[in-house]
Amino acid sequence: MPDALLLLSFGGPEQPDDVMPFLENVTRGRGVPRARLEAVAEHYMHFGGVSPINELNRQIITAVEAQLRSAAIDLPVYFGNRNWHPMIEDTVAQMRDDGVRSALVFPTSAWGGYSGCRQYHEDIARARSAVGPNAPQLVKLRQYYDHPLLVASFADAVGAAVAELPADRRNGARLVFTAHSVPIAADAAAGPPEDGGNLYSRQVAEAARLVAAAAGFESHDLVWQSRSGPPQVPWLDPDICDHLEALAADGTDAVVVCPVGFVSDHLEVVWDLDTEASEKAAELGIAFARAGTPGTDPRFAELVIDLIAEQRGDIPVQRLGIEPSYGVGRDGVSCRTGCCAR
Ligand SMILES: CC1=C(CCC(=O)O)c2cc3nc(cc4[nH]c(cc5[nH]c(cc1n2)c(C)c5CCC(=O)O)c(CCC(=O)O)c4C)C(CCC(=O)O)=C3C
Ligand SMILES: [Fe+2]
């Protein structure tokens, strides 16, 4: 039985001086051009050098703690990140000092793929080896891209966004899903080799299909956002802004954008969508409404509790999708041999 839960996330700057060191941590050894780093630093500076992500994760933790208390489950919740404080290495050291011997790890990514899954296993392995022989055993929870509570939360958010559009444009509104782009080669390698690849984009497409159906839409589009890396490397496309141009050219005058690839309103959502894409839509004369993310919905904390119960064998696995869900691994050993290599 686990004696703690660790919420493991990406991390983000909390003051202007954090921005560059944070970006250097994120892109270490990744070949992201300096110009892109400076542009992204600028995005953070529009928000005073503070990413919303850490505060949103603290809210998730508060909600999870409350639900654990009301279910009379005694599981302290810890917070650690890959790229910024509290760093996972420091958190796992604290867990050891507190006498934690075995913990479950909830990642704030619902997806398979290198960035969304395998890299979190690597974070776990790195933190445990930094802490040494008394490090707690850490079991990462599964990919939850198609959990009924995630789908229901996004579907309700889509409905609420439709209601924000001008009344005379609601019926013709196009539903557009977005997720973080990744290099095409990384997507091709996503999932266990025997699974045929593209696990990330397949799961995103399946989540979009489930949310669209639950929200009562007969059709929808799936596009990508927040591309990084050198321009000669191909990434998943089209980009959301290019797609808005194509929609305008086809006569679309209203869109609902659902950031299905993100659990919270972090910087990619509040900058790339609420700022850049919404400005692009305004230029094109398209009415624009952005659906909320599930992180602050009480159902998200419930989802975390369900994943813990599933992992302990207390309840059956709850999934709606036809694509697989992997991602469970112990002590940073990735779920399958050769999974999500890049
Ligand atoms: C699939 C995926 C998710 C979703 C799964 C998950 O949630 O884990 C995600 C989430 C996030 N990505 C984030 C921020 C950044 N991602 C970057 C760069 C990259 N992301 C990538 C992929 C993903 N990223 C990739 C392939 C790169 C290229 C470099 C590399 O191969 O690693 C860069 C570098 C600058 C840039 O190039 O944009 C930044 C600053 C934040 C925090 C935002 C905040 O502060 O609120 C979050 C939640
Ligand atoms: Fe990213």
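The values are calculated or read from the model by the stated rules, or taken from the named source; none is laboratory data. Given the structure is predicted, the values throughout are model-derived calculations rather than measurements. In this analysis, Cβ positions are derived from the backbone assuming ideal geometry, glycine residues included, and neighbour counts consider all displayed protein chains.
Within segment 146-153, can one find any residue that is modelled with pLDDT of 95 or more and closer than 19 Å to residue 115 by Cα?
yes
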Taking only pairs six or more apart or across chains, which ones have beta-carbon atoms under 9 Å, a first residue in segment 94-113 that is assigned by TED's automatic domain parsing to the domain that holds residue 306, and a second residue that is assigned to a strand (DSSP E or B) and aromatic (Phe, Trp, Tyr)? 94/78; 95/78; 98/78; 100/78; 103/78
Name the residue that is surrounded by the fewest Cβ atoms within 10 Å (Cβ to Cβ), counting only residues in segment 281-335 that are over 23 Å from residue 103 (Cβ atoms) and of a type in the set (S, T, N, Q). 296
Residues being under 19 Å from residue 275 (Cα atoms), within 16 Å of ligand 2 (Cβ to nearest atom) and either touching a Cys at 6+ places or on another chain (Cβ under 7 Å) or modelled with pLDDT of 95 or more (or both): count how many of those fall in segment 228-252. 2
Scanning segment 9-18 for residues that are of a type outside the set (S, T, N, Q) and away from ligand 2 (no atom under 15 Å from the Cβ), which turns out surrounded by the fewest Cβ atoms within 10 Å (Cβ to Cβ)? 17
All conditions in (1) closer than 30 Å to residue 207 by Cα; (2) modelled with pLDDT of 95 or more; (3) within 15 Å of ligand 2 (Cβ to nearest atom) are true of residue 27 except (2)
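One line per residue, one yes/no per condition, for (1) farther than 25 Å from residue 141 by Cα; (2) in contact (Cβ under 8 Å) with a residue 60 or more places away in the chain; (3) within 11 Å of ligand 1 (Cβ to nearest atom):
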| site | (1), (2), (3) |
| --- | --- |
| 13 | yes, yes, yes |
| 37 | yes, no, yes |
| 53 | no, yes, yes |
| 58 | no, no, no |
| 74 | no, no, no |
Please determine, by comparing only the residues of segment 289-342 that are of a type in the set (Gly, Ala, Ser) and free of Cβ contacts under 8 Å to residues at least 12 places away in the same chain, which one is nearest to residue 69 (Cα to Cα). 309
Filtering segment 225-252 down to residues that are part of a loop (DSSP other than H, G, I, E, B) and more than 13 Å from ligand 1 (Cβ to nearest atom), which residue is surrounded by the most Cβ atoms within 10 Å (Cβ to Cβ)? 252
Residue check, residue 72 part of a loop (DSSP other than H, G, I, E, B) and within 28 Å of residue 303 (Cβ to Cβ): yes
With the requirement that a residue be out of contact with any Phe, Trp or Tyr (no Cβ under 6 Å at 6 or more places or on another chain) and of a type in the set (S, T, N, Q), what does segment 169-213 give you? 171, 178, 198, 201
Would you mind telling me which numbered condition in (1) within 16 Å of ligand 1 (Cβ to nearest atom); (2) at pLDDT below 95 residue 196 fails? (1)
Under 7 Å between Cβ atoms, which residue pairs at least 6 apart in sequence (or on different chains) link something in segment 252-279 that is within 22 Å of residue 166 (Cα to Cα) with a partner that is among the aromatic types (Phe, Trp, Tyr) and part of a helix (DSSP H, G or I)? 258/154
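Name the residue, out of 267, 222, that is touching a helix residue (DSSP H, G or I) at 6+ places or on another chain (Cβ under 8 Å), modelled with pLDDT of 95 or more and within 12 Å of ligand 1 (Cβ to nearest atom).
267
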